[in-house]
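This report concerns only the one structure given below.
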Amino acid sequence: MNVPECESKLFFKGDFQFSELIKMILPGEASLYTVAILISFFLKSEGASRVAELQAKELTAMGYSVVVFTFESDIHPTDFSVKIIESCTGTSTSKLSILYRALFPFNLWKSIRLSSKLKTTNLIIVHQETLVNVAYYAKLFHGSKIIYWHHHITESRLMTLRERLYNLIISPFNWRKIKTFNFIISISEHSKDMLREEKGVESIVVYDEIEYSRFNNNNLDGTYIRKKYNIEFDDPVILFVGRITPTKNIHFLISAFRIVKMKIPNAKLIIVGRAYNKPYAESLMRNCDPGVSFAGFVADEELPSYYAACDVYATCSLVEGFNMPLVEAQACGRSVVAFDIGPHREVVKNGLIVAEGDLNGFGAALIYILTSNKGDVSL
């Protein structure tokens with residue numbers, strides 16, 4: 001079995017690249033245009049926020065004037081503006097805040113007032129459904145062009161009760177507006193297919209981009225990370241990056257790691273990510289084996305060092321729209337192992353895909369990659 005060598009820059013052929021799409025919508029001199037990005041929260045730990053931040057950076061580099069409207073942000077850029085939408089509901093994780101944002105599309109007066117701040121905006125990019133109404137009224141009253149950036153629809157079998165209620169009661173109200181927008185973007189062919197199936201909507205595929213200036217195989221050094229977690233130079237390291245939630249299936253990854261340890265006793269597993277489900281995270285930490293380290297949230301600036309420190313990147317995630325860490329790991333020259341779910345056949349270029357739920361197969365795939373320079377391991 002051959003694991004192909006990874007190129008430093010991975011190419012994903014969608015309908016457009018992000019810059020191509022923007023130039024098509026806003027032709028001519030970029031400095032003449034203003035672009036607004038609407039996103040519920042603009043946080044370093046959120047996947048959609050990372051996409052929005054990269055878009056804002058790229059648009060600014062292209063010469064556009066960019067402003068981000070959000071309820072909450074811990075991102076403080078110097079090259080574009082961030083405007084906080086007034087709210088008295090506290091942090092993004094409070095129950096009152098979650099309810100307020102879920103119901104915000106029904107806040108007609110606030111939506112119209114906020115849309116008036118966008119009357120000179122030429123293009124609005126909306127991430128997530130929370131601020132759909134604001135964009136809708138900006139299009140209706142001021143003629144703004146709108147892109148809805150559709151990240152993913154969770155499969156119904158994996159939805160929480162809260163997600164089911166939202167999808168049943170509130171989401172249809174939002175999608176009536178979204179269907180009037182100029183462009184609807186999906187971040188993978190898989191997400192496009194699900195959107196067609198669930199909402200009856202066609203979309204354009206524009207794959208998420210990563211910062212190849214940071215995530216590449218040039219001059220990477222994971223020495224500091226190995227020292228930080230007391231990992232010896234020759235200890236094989238498995239890495240996972242993502243939110244600590246049940247749909248990321250981290251308990252399954254830990255079980256696969258136990259299989260690896262039976263063959264490679266000095267193997268280590270580093271789990272990077274903020275706990276979004278504290279009972280789940282606490283259960284993982286109580287029950288995990290020696291050799292598993294929980295790093296918590298890690299800033300984007302430090303992530304390349306974690307990829308450099310690992311020998312293989314692994315995810316047992318059950319739900320993905322694109323999966324940026326998979327791409328980042330491969331861009332850093334690391335092989336990956338992932339379940340055959342969602343878009344993984346589209347984004348895995350350097351690694352192994354395992355049938356969903358196959359614990360032994362997943363463990364064997366990790367062992368194969370970790371020992372591939374020391375002898376063949378048959379799957």
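The values are calculated or read from the model by the stated rules, or taken from the named source; none is laboratory data. Note that the structure is a prediction, hence the values are computed from the model and not measured. Because the Cβ atoms are built from the backbone with ideal geometry, glycine has one as well, and the counts that use them run over all protein chains shown. For accessibility, only protein heavy atoms count, side chains too; no ligands or nucleic acids. Shrake-Rupley method; radii C 1.70, N 1.55, O 1.52, S 1.80 Å.
Here are the numbers for this structure:
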read-out	value
Residue-level accessible surface for residue 366, protein heavy atoms, 1.4 Å, Å²	0 Å²
In region 63-140, the GluC sites (Glu not before Pro) that fall in loop regions by DSSP, at most 12 other Cβ within 10 Å	86
Cα shape, region 300-352, gyration tensor, a/c 1.5 rule	prolate
Max mean-square fluctuation residue, GNM over the chain, Cα-Cα springs under 10 Å, options 81, 40, 305	81
Under-5 Å amide H pairs with residue 312, H placed in peptide plane, nonlocal only	237, 239
Ordering of 161-173, 313-325, 107-119 by packing [mean C-beta count within 10 Å, highest first]	313-325, 107-119, 161-173
Mean separation of Cα contacts under 8 Å (6+ apart) over length of the chain, as relative contact order %	17 percent
Rg/Rg_ref, region 23-65, where Rg_ref = 2.2 N^0.38 Å and atoms are Cα	1.26
191, 255, 372, reordered so the largest accessible area comes first (probe 1.4 Å)	372, 255, 191
Estimated inter-spin distance, residue 198 and residue 266, nm [label 7 Å along Cα→Cβ]	4.6 nm
Heavy-atom accessible surface of the chain: percent carbon and sulfur, 1.4 Å	51 percent
Ranked packing of 209-215, 134-140, most packed first, by mean Cβ within 10 Å	134-140, 209-215
Inter-label distance, nm, simple model (7 Å from Cα along the C-beta direction), residue 189/residue 218	3.1 nm
At 1.567 mPa s and 4 °C, Stokes D of region 322-370 from Kirkwood alpha-carbon radius, µm² per second	119 µm²/s
Unsatisfied cross-links (Cα-Cα over 29 Å) in the set 83/228; 13/199; 13/110	83/228; 13/110
Zone of residue 24's modelled label, taken as backbone nitrogen in region 196-237 under 19 Å from a point 7 Å along Cα→Cβ	196, 201-209
Rounded, prolate or oblate (a/c below 1.5 giving rounded, otherwise prolate when a/b exceeds b/c) for region 209-328 by Cα gyration tensor	oblate
Within a Gaussian network of the chain (alpha carbon springs, distance under 10 Å), most fluctuating of 76, 344, 150	76
Label-point separation in nm, residue 371 to residue 165, each point 7 Å along Cα→Cβ	5.0 nm
Square roots of five times the Cα gyration tensor eigenvalues for region 163-241, Å	42, 17, 11
Rg [Å, one decimal], Dmax [Å, integer] - region 108-210, C-alpha atoms	14.1, 43
Region 43-194: C-alpha gyration tensor shape, a/c 1.5 cut-off, then a/b vs b/c	rounded
Packing-based ranking, highest mean first, of 226-235, 55-64 given that Cβ atoms within 10 Å are counted	55-64, 226-235
Ellipsoid semi-axes in whole angstrom, largest first, where each is sqrt(5λ) of the Cα gyration tensor of the chain	38, 22, 19
